[in-house]
Each structure stands twice: as structure tokens, then as C-alpha cells.
Amino acid sequence: MTKNARRPVALITGASGGIGADLAELFARDGFDLVLVARSRDKLDDVGARLAAAHGIRSVSIEADLGEEGAAARIADETAAAGLDVDALVNNAGFGLYGAFAETDLAREREMIAVNVTALTELTKLFLPGMLARNRGWIMNVGSTASFQPGPLMAVYYATKAYVLSFSAALHRELAGTGVNVSALCPGPTATGFVDAAGMHKSKLFKRAVVMSSMDVAKLGYAALMRNRAVMVTGWMNRMTVTASKFSPRGIVTWVVMKMQEPA
């Protein structure tokens, strides 16, 4: 590294555990400094301290609730105040809500849209210009196998993840040749805190599905991002399911998803 060179910086939301923390480890292994974002400062500090000690990188924690208005701008301001230019942005934070739409909580769904869609879009808007100016960058948006079809009993969540996939695919095309990679990571059932947060304990989907480890998902997503692969669906069974949904009538797809997500 030359005298004036700096380590690249990766900003990762939802970095206090699960896929986010595992992605932070993969970036740190490759010499990226880290900006870790989540609602729990203590957990972020623990992750950051462990990775800094293991890999000799710098880690900055930003406690933020992405469901709050102005959160993305505050994160950008705090990152700039720390003297860091973001080279890699991982929009990993997100959550779901299980239940019939007529019965689920509107306030919780508004918050879900703010986190899964609005904050993701705003953070990308704020950090992309710097990447373009430097002719180098990486943007990973974490979608889901839910991105590929409507989801009865999780209607709003599936809709937010459809946005993530569509947005990412469009950016991937817009930014071709600029030096900025864009990839949508679309995992299926993964061993994280998602099921507990979404209230999906009774759903057949997580009771019967093959559940991948968060590190296995993170490794596949990281490799896809570095290769500038537009979409990464993790796991052969998930890829088969996604492919089948593309060629099946919408009515059949929604019927199958409904059956998969009904209480066991």
C-alpha cells in the first residue's frame, strides 16, 4: 500500500448479527475498514472489536433505527464526520411480518416499508455519487426468494423484496462500465433472527424448509458481488423454486405460497 493509499470502506446495515455480521467478517478479511449500522450499539461494538482485532482494520459503529425519518442522512453525516468514504454499501437491514393483511399492524408495516425500501433507496442515493467519482464501488441489496413472487400471509414483506430486486437489477444495468458493481442477494430460509422477528413460528415454510447458515449465504453473496453478478439466489432448492415460479401461472404461484405459509 502506497503512502497516500487508504483501505476501502464497507458500510453494512443490520450488522449486529446474522448475515450482516458475517458479511462484515468477509469484507474485513479482504482489508476493508467497516462502518457497522444497527439499532444495538453494544452488539455493533462487539462485532467491530472482534473483527478489528482479527484483521487489523478500523471499525466504526453507528446506532440507528432505519425506520425513522432522516436515518439515512444521519448515517451519511456520521460517516463523513469519521473521515470515511464509503466504497461498498450493503443494504442488509430488513424485517418481515407474518399474518393476513386485514389483521396485521399498519404501523409495523409502515416501518417495514421504511426499512426495507425507503432507507435502502436513500442510502444508495447518498453513497453512489462518491463511488462513481472514484470509478470504484460495490452495492449489495439483500432481497429474498420472496422477491420473485407475491406472498399471501406476508403480502407487504414480499412486495418490499420485489422492489429490492427490481431496483437492484435496474441499477446493475445503469452502472455497467462505471466500475461500480451491483448485486441482489436473494436467500431463502436462513438461520437468523428473522423468524422470531416476523412472528413466523407456526408457518410451514420454516418448519419444513432446508435452512442455510448465515455464513454460507454471506459467502455466496459476497462472491457474487465481487464478480458483479446481478442476482444471487442461494441454494439449489431455492433456485429451482424461483425458476418454477417464473414459468407458472400467477394464480398457482400464490396458491402454493399460501399453502407453504399456512400454520403447520
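At a glance:
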read-out	value
Close pairs (7 angstrom Cβ cut-off, 6 or more residues apart or separate chains): closer than 26 Å to Ala88 by Cβ and among the β-branched types (Val, Ile, Thr) in region 104-128, open to solvent by less than 30 Å² (accessible area, probe 1.4 Å) and not in a helix (DSSP H, G or I) anywhere	Val115/Leu66; Val115/Gly67; Val115/Ala93; Val115/Phe95; Thr124/Leu89; Thr124/Asn91; Thr124/Ile139
Per-region count, region 139-183, residues among the aromatic types (Phe, Trp, Tyr) and in contact with a strand residue (DSSP E or B) (Cβ under 8 Å, 6 or more places away or on another chain)	2
Number of positions in region 220-236 that are closer than 20 Å to Pro189 by Cβ, crowded, with 17+ Cβ neighbours inside 10 Å and of a type in the set (A, V, I, L, M, F, W, C)	5
Lone unmet requirement of (1) out of contact with any strand residue (DSSP E or B) (no Cβ under 6 Å at 6 or more places or on another chain); (2) in a helix (DSSP H, G or I); (3) more than 23 Å from Asn135 (Cα to Cα); (4) open to solvent by 20 Å² or more (accessible area, probe 1.4 Å) for Ala100	(2)
Pairs, first assigned to a loop (DSSP other than H, G, I, E, B) in region 28-52, second open to solvent by 10 Å² or more (accessible area, probe 1.4 Å) and of a type in the set (Asp, Glu), C-beta under 9 Å, six or more apart	Arg39/Glu63; Arg39/Asp65; Ser40/Glu63
Cβ pairs under 6 Å, 6+ apart, first in region 1-26 and within 16 Å of Ser213 (Cα to Cα) and β-branched (Val, Ile, Thr), second part of a strand (DSSP E or B) and modelled with pLDDT under 95	none
Selection count where residues are assigned to a helix (DSSP H, G or I) and more than 17 Å from the chain's Cα centre (by Cα), scope region 137-175	3
Residue within region 143-151 that is under 22 Å from Ala88 (Cα atoms), open to solvent by 30 Å² or more (accessible area, probe 1.4 Å) and in contact (Cβ under 8 Å) with a residue 12 or more places away in the chain present	no
All positions within region 225-264 that are polar (S, T, N, Q) and under 21 Å from Leu97 (Cβ atoms)	Thr254, Gln261
Failed condition for Val35, given (1) surrounded by fewer than 23 Cβ atoms within 10 Å (Cβ to Cβ); (2) among the hydrophobic types (A, V, I, L, M, F, W, C); (3) under 18 Å from the mean Cα position of the chain (by Cα)	(1)
Failed criterion for Thr178 (all others in (1) polar (S, T, N, Q); (2) under 19 Å from the mean Cα position of the chain (by Cα); (3) not in a helix (DSSP H, G or I) hold)	(2)
Lone unmet requirement of (1) in a loop (DSSP other than H, G, I, E, B); (2) modelled with pLDDT of 95 or more for Ala73	(1)
Residue list for region 6-30, restricted to those being in contact with a His (Cβ under 7 Å, 6 or more places away or on another chain) and either under 15 Å from Asp45 (Cα atoms) or open to solvent by less than 20 Å² (accessible area, probe 1.4 Å) (or both)	Ala28
Test set (1) free of Cβ contacts under 8 Å to residues at least 24 places away in the same chain; (2) open to solvent by less than 60 Å² (accessible area, probe 1.4 Å) - Ala72 fails condition number	(1)
Selection within region 205-264 - among the hydrophobic types (A, V, I, L, M, F, W, C), assigned to a loop (DSSP other than H, G, I, E, B) and touching a helix residue (DSSP H, G or I) at 6+ places or on another chain (Cβ under 7 Å)	Val210, Ala230, Ala264
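The values are calculated or read from the model by the stated rules, or taken from the named source; none is laboratory data. Worth saying up front: this structure is predicted, and the values here are computed from it rather than measured. No Cβ is skipped: glycine too gets one built from the backbone with ideal geometry, and neighbour counts run over all protein chains shown. Just the protein is used for accessible areas: all its heavy atoms, side chains included, with ligands, DNA and RNA removed. Shrake-Rupley method; radii C 1.70, N 1.55, O 1.52, S 1.80 Å.
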